[in-house]
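Every number in this text was worked out from the coordinates using simple rules, so none of it is lab data. Remember, predicted model here, so these are calculated numbers, not experimental data. Cβ placement follows ideal geometry from the backbone for every residue including glycine, while neighbour counts extend to all protein chains displayed.
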Amino acid sequence: MKINGVVLFDDVAAELFKSDPQLAAETLHDFLADGEIDEFLIALRQVCKAFGGIPAVSRIRRMRAL
């Protein structure tokens, strides 16, 4: 999304995470491990945007847990 010609950081981060799922997983893990809950939630929002929302992310997570 653009606002006044500026691309939002969430969109940039979502595209980055979509192109590099390993980076997405590592980012979430690192924020959670460090107790940085606010940053974790922001990154989780961006990852969900990249991969199609919370249901899609939870399906991916369940598949990897098997």
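Show that you can apply the helix-only estimate: for the chain, add -39,500 (n - 2.57) for every DSSP H stretch of four or more residues, divide by all residues, and state [θ] at 222 nm to the nearest 500. Don't jump to the answer; show the numbers that get you there.
Working: 4 runs with 51 residues, N = 66.
It lands at -24500 deg cm²/dmol.
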Give the peptides 6-19, 46-59 in descending order of average Cβ contacts within 10 Å, highest first.
46-59, 6-19
How much net charge surrounds G53 when only other residues with a Cβ under 11 Å from its Cβ are counted (Lys, Arg +1; Asp, Glu -1)?
+3
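Which value results for Rg/Rh of the chain when Rg is the Cα radius of gyration and Rh the Kirkwood radius based on the inverse mean 1/r?
Here the Rg-to-Rh quotient is 1.01.
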